[in-house]
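The values are calculated or read from the model by the stated rules, or taken from the named source; none is laboratory data. The structure presented is a predicted model; accordingly, all values stated were derived computationally and were not measured. Ideal geometry is used to build each Cβ from the backbone, glycine not excepted, and the neighbour counts take in all protein chains shown. Just so you know, the surface numbers come from the protein's heavy atoms only, side chains and all, with ligands and any DNA or RNA stripped out. Shrake-Rupley method; radii C 1.70, N 1.55, O 1.52, S 1.80 Å.
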Amino acid sequence: MPPQEPSTLRLTTTAGAPVADNQNSLTAGDRGPVLMQDWHLIEKLAHQNRERIPERVVHAKGWGAHGTLKITGDISHLTCARVLQPSTETPMIARFSTVAGEMGAADHERDVRGFALKFYTEEGNWDLAGNNTPVFFVRDPLKFPDFIHTQKRHPRTNLRSPTAMWDFWSLSPESLHQITMLFSDRGLPVSPMHMNGYGSHTYSLWNDKGERVWVKFHFKTRQGHRHYTHAEAEKVIGETREGYQEALFGAIEAGEFPQWTVQVQIMTEAEAGALSFNPFDLTKVWPHAGFPLIEIGMLELNRNPDNYFAEVELLAFSPSNVVRGIGHSPDRMLQGRIFAYADAHRYRLGTHYEALPVNRPRCPVHHYHKDGAMRFFANAASPDAYYEPNSFGGPRQDSAFTEPPLDLNGPAARFDHRDGTDDFSQPRALFELFDAAQKDRLFTNVAAAMRSVPVEIIERQIDLFQQVHPEYGAGVCAALDALDPQF
């Protein structure tokens, strides 16, 4: 590497004052104490104390990169969203993550992976915050905080608690579908590039005629859907805790840009009403036979962040960020996340988190939100236009962006989401897709995660597995016996 030219840049404080000496503190004599008037020292220490922000409660550890969404298919008859029109190319950024692990967790631990995408469209940011699985553990947001508590540390031991995890799951049969995915081979993707992504929730598309359809988004890896066994992942963790970051960053630096095929499933409102299951249930998938995958484009990641903190740690996604032509659905979990995600970012990053460079839309932004911590940008309109309506040229509403009305009716009540719901058929269909070796690994993985759990909780969970498929329950029992014959 050739010698670097001496820098001509002058070191300054954050207020712009030149720094005369950045090597030695101000002291009373060469052996005396440090003086409090050393403003440069105080500034450096104070900034270091504040260099960390609260980590995300979930999805704390992540890996990200910039890229492009290219639309090659034509669903213009279904949506007026410009980002989804044929031949459109949109800059975007992706963040992959683990769900349960903290910032220091190993990348190759068994966990669901976040698959979150921010598209900088000409009509505002569109965020699609999903996972590498098409379903989730719960279907009602009221249970989400309880579920996450089981994935975090026990308040007394400060250790992860398998008992809490399996106790919750054994009392929540709606979790069976996701459990089966998590403890199958799919629970340990080799790298971010070798896993699929899903919007998971049901969203809606609408067109200029005011017609609405329901949609699910799929991102199928073009690198191959590859996974480690539990033993292989443990070996990787023994060598590195940063395997995902190394793989993603290294591939893009080498010019090996990962790609995903973008597909959608479409369901009409009439079809939704005729289904035997709730199409807005996050623990369910839409059968491909009835709702085939339609290819619409390609996602490519082709640029690493220049600063991880500024571009990945400050990156904030929320399902509340939709654009004209894309909307939400009655999915209970989606409804909860519309509020919770943006609220989490306001707490973690500040009131004006969407004005940070990585979150800032690439289109003009005009609103009337005032003041708050770190209001570092000017009002868009005249100083007199700080409310609405006004007579001073401030931004106004535009009815052309109105979403078609959605008919809602029924009494306001707390309906039991388990009444009349089949939580066993879809996990059974998934289980029956596995070959003998895949089933054996599923049984072994579940048993290993259960080995320290009280017997009564294990028995309750096995009863649920048996309702999925007798072979499922029997296989887990046999795997437990192999670990401890006294079980």
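Worth a mention:
- If R0 equals 51 Å, the separation of the Cβ atoms of His47 and Ala448 corresponds to a calculated FRET efficiency of about 0.70.
- Put a dot 7 Å past the Cα of Asn302, heading toward its Cβ, do the same for Leu35, and the two dots end up 5.7 nm apart.
- Taking 0.36 nm per residue of separation and subtracting the current Cα-Cα distance, fully stretching the chain between Ala17 and His227 would add 70.3 nm.
- Per-pair calculated FRET efficiency, R0 = 25 Å: Ser276 and Glu432 via Cβ, rounded to 0.05: 0.85
- Percent of alpha-carbon pairs separated by more than 23 Å within segment 20-153: 60 percent
- Solvent exposure of the chain as accessible area per residue, Å², 1.4 Å probe: 52 Å²
- Label-zone membership for segment 41-66, site Ser25, 7 angstrom Cα→C-beta point, backbone N under 19 Å: 41-51
- For segment 236-312, the dipole from Cβ point charges (+1 on Lys and Arg, -1 on Asp and Glu) about the Cα centre works out to 260 debye, to the nearest 20.
- Per-residue SASA entry for Trp39, accessible area with 1.4 Å probe, Å² rounded to 10: 150 Å²
- Whole-angstrom gap from segment 424-483 to segment 300-363, using each part's C-alpha centre: 37 Å
- Cβ-based net charge around Asp484, under 15 Å, with every Lys or Arg adding one and every Asp or Glu removing one: -1
- Percent accessible area from carbon and sulfur atoms, segment 158-218, protein chains only, probe 1.4 Å: 55 percent
- Neighbour-limited loop hits for trypsin sites (Lys or Arg not before Pro), segment 300-407 (at most 11 other Cβ within 10 Å; DSSP other than H, G, I, E, B): Lys370, Arg396
- Each of Thr8 and Asp484 was given a label point 7 Å from its Cα along the Cα-to-Cβ line. The distance between the two points is 7.1 nm.
- Estimated FRET transfer efficiency when R0 is 25 angstrom, pair Asp384-Ala355 (beta carbons, to 0.05): 0.70
- Using heavy atoms of the protein chains and a probe of 1.4 Å, the accessible area assigned to Val455 is about 70 Å².
- Dipole magnitude of the chain, debye to nearest 20 (Cβ charges: Lys/Arg +1, Asp/Glu -1, about Cα centre): 620 debye
- Surface accessible to a 1.4 Å probe, Glu354 within the full protein complex, Å²: 70 Å²
- Greater than 31 Å apart at Cα, pairs in Lys216/Lys370; Lys70/Lys152; Lys216/Lys439: Lys216/Lys370; Lys70/Lys152
- Maximal additional length on extending the His369-Asp407 stretch stands at 10.6 nm, based on 0.36 nm per residue less the C-alpha distance.
- Rounded, prolate or oblate (a/c below 1.5 giving rounded, otherwise prolate when a/b exceeds b/c) for the chain by Cα gyration tensor: oblate
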